[in-house]
Amino acid sequence: MAGSTNKTVRDIFESMESGPAASSSTDTAQAWLDHHSRSLGLFIDGQFVRPDGRQSRSLTDSKGGNVCSTVCAVDDDVSQCASSAVNGFKAWSGLSCHQRAKVLLRGDQHIAKMGSGLYQQSL
């Protein structure tokens, strides 16, 4: 690879050089928020939950526009989330490298699908 101008991630990290710029479009993120009615619960055990009796807060963008609302967690919610994370780690660490790679590739394919506009069309 003599004379190659391709830099590895390590080269970029060590030089602290900027990588390629990401697209500035927020269309995919806006579609995802719309799909969730711009109201997010707590993400526990792989799903959004909205426990009864919880306060919620609105999140705004830099211009003061409403982005979404989210549920405020209480101590019991945090404990439940931590237990879920421990269980998830046990399941994940029990997978072989090949099985983990398959999971990560499926996630990558889903993200690529979302970025291509196919996700927005299927909503």
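Hey, can you tell me all the residues within region 62-84 that are of a type in the set (Val, Ile, Thr) and open to solvent by less than 60 Å² (accessible area, probe 1.4 Å)?
The answer is Val67, Thr70, Val71.
Suppose we filter Ser4, Ser23, Ser15 for residues that are at pLDDT 75 or above and exposed (fewer than 12 other Cβ atoms within 10 Å of the Cβ); which single one remains?
Only one candidate qualifies: Ser15.
Considering only residues that are touching a strand residue (DSSP E or B) at 6+ places or on another chain (Cβ under 8 Å) and within 30 Å of Trp92 (Cα to Cα), which ones fall in region 44-70?
Phe48, Val49, Arg50, Pro51, Thr70
The values are calculated or read from the model by the stated rules, or taken from the named source; none is laboratory data. Note that the coordinates shown come from a computational prediction; the quantities given were computed from them, not determined experimentally. Glycine gets a Cβ as well: all are built from the backbone with ideal geometry, and neighbour counts include every protein chain shown. Surface areas here come from the heavy atoms of the whole protein model, side chains and all, with no ligands, DNA or RNA. Shrake-Rupley method; radii C 1.70, N 1.55, O 1.52, S 1.80 Å.
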